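So the structure is just underneath, and the comments pick up after that.
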Amino acid sequence: MLESLRTWATPYGGDAFLYISFLAVVSVIALLVLRDRLSTVLLQRFIRLGALIALPLTIIAMELGEQHWGVAAVAVAWAVLVAIISKNAITARAMQKK
């Protein structure tokens with residue numbers, strides 16, 4: 001099964017695409033599960049951290065060549081999802097305080 005995934009992922013960045021995708025999915029699921037337990041300051045840090053991780057990954061993927069565009073797309077999508085989830089949790093907390 002892993003070989004078929006590697007074959008499928010080759011045009012998008014190969015193993016790097018699979019590893020980045022796996023880590024992105026796991027971290028988004030963890031954020032969804034833990035967002036109610038995390039402080040507002042930590043959620044704000046996650047927004048900045050998502051951007052700080054996605055930017056170098058995107059630059060590195062573009063420097064590696066045309067075959068690694070999938071890594072850049074996953075990194076940007078992950079950063080956007082982390083930012084949206086964190087922002088919605090912060091907004092919900094602000095609404096509860098009013």
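Throughout, read-outs are computed from the coordinates displayed, never taken from laboratory work. The structure presented is a predicted model; accordingly, all values stated were derived computationally and were not measured. In this analysis, Cβ positions are derived from the backbone assuming ideal geometry, glycine residues included, and neighbour counts consider all displayed protein chains.
Things to note:
- Simple spin-label estimate for TYR19 and ILE84 gives 2.8 nm between the two label positions (7 Å along the Cα-to-Cβ direction from each Cα).
- Site pair GLN67 and ASP36 shows an inter-label distance of 4.6 nm when each label is modelled 7 Å from Cα along Cα→Cβ.
- Across the chain, the relative contact order, built from alpha-carbon pairs under 8 Å that are at least six residues apart, equals 36 percent.
- Alpha carbon convex hull of segment 2-97, projected area averaged over orientations, nm²: 6.3
- Once the Cα-Cα distance is subtracted from the 0.36 nm per residue extended length, the ILE60 to ILE29 segment shows a gain of 8.6 nm.
- Span-like helix ranges in the chain, DSSP H, alpha carbon extent 20 angstrom or more, Kyte mean at least -1.0: 15-34, 40-64, 69-97
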